[in-house]
1. Any idea what the alpha-carbon Rg over 2.2 N^0.38 Å comes to for the chain?
2. Count the lysine pairs in the chain whose Cα atoms lie under 20 Å apart, taking only pairs 8 or more positions apart in sequence or on different chains.
3. Need one number: nm distance between label points at Tyr68 and Val42, each 7 Å from Cα along Cα→Cβ, rounded to one decimal.
4. Once both labels are modelled 7 Å past Cα along the beta-carbon direction, what's the Asp59-Tyr83 spacing in nm?
5. Divide, for segment 1-41, the radius of gyration over alpha carbons by 2.2 N^0.38 Å, where N is the residue count.
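Every number here is computed from the coordinates shown, using simple stated rules; none is lab data. Every value quoted in this text rests on a predicted model; they were computed, and no experiment measured them. FYI the Cβ positions are ideal-geometry reconstructions off the backbone, even for glycines, and counts take in every protein chain you see.
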Amino acid sequence: MAEVATTKLMENDKVIVWEMVLEPGERTGVHTHHHDYIIQVVEGSTLRATDENGENPIDLDFKPNATYWVEVRDGKIATGDGYVSATHDAQNIGDKRYREYLIELK
């Protein structure tokens with residue numbers, strides 16, 4: 001199973017800070033979110049999230065410079081457009097590079 005994002009930038013007893021970069025067509029790999037988190041999008045694109053079986057796709061359009069609060073509850077993540085399994089894969093289906101900072105709250 002993959003990590004939550006591409007690169008862990010720091011971790012302490014309160015947070016983990018990640019950077020994620022996905023070129024068009026790249027995937028995160030199946031991973032699980034256990035904690036609520038904040039996403040700060042640097043370079044936006046459209047990501048397609050699927051559950052751990054590659055099913056139940058949902059497309060999420062992340063705008064550059066947008067900030068999102070994400071709650072993890074009962075194995076699901078509320079996206080605003082529906083729910084995604086907390087264990088999922090995401091693929092950049094857009095034509096631009098996607099880059100974010102993710103702050104995971106412990």
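1. Details: Rg = 12.6 Å, N = 106, 2.2 N^0.38 = 12.9 Å.
The chain yields a ratio of 0.97.
2. Values: Lys8/Lys106; Lys14/Lys106; Lys63/Lys96; Lys76/Lys106.
Summing the qualifying lysine pairs gives 4.
3. Placing both labels 7 Å along Cα→Cβ, they lie 1.8 nm apart.
4. With each label point 7 Å from Cα toward Cβ, the separation is 2.4 nm.
5. Details: Rg = 10.9 Å, N = 41, 2.2 N^0.38 = 9.0 Å.
That ratio works out to 1.21.
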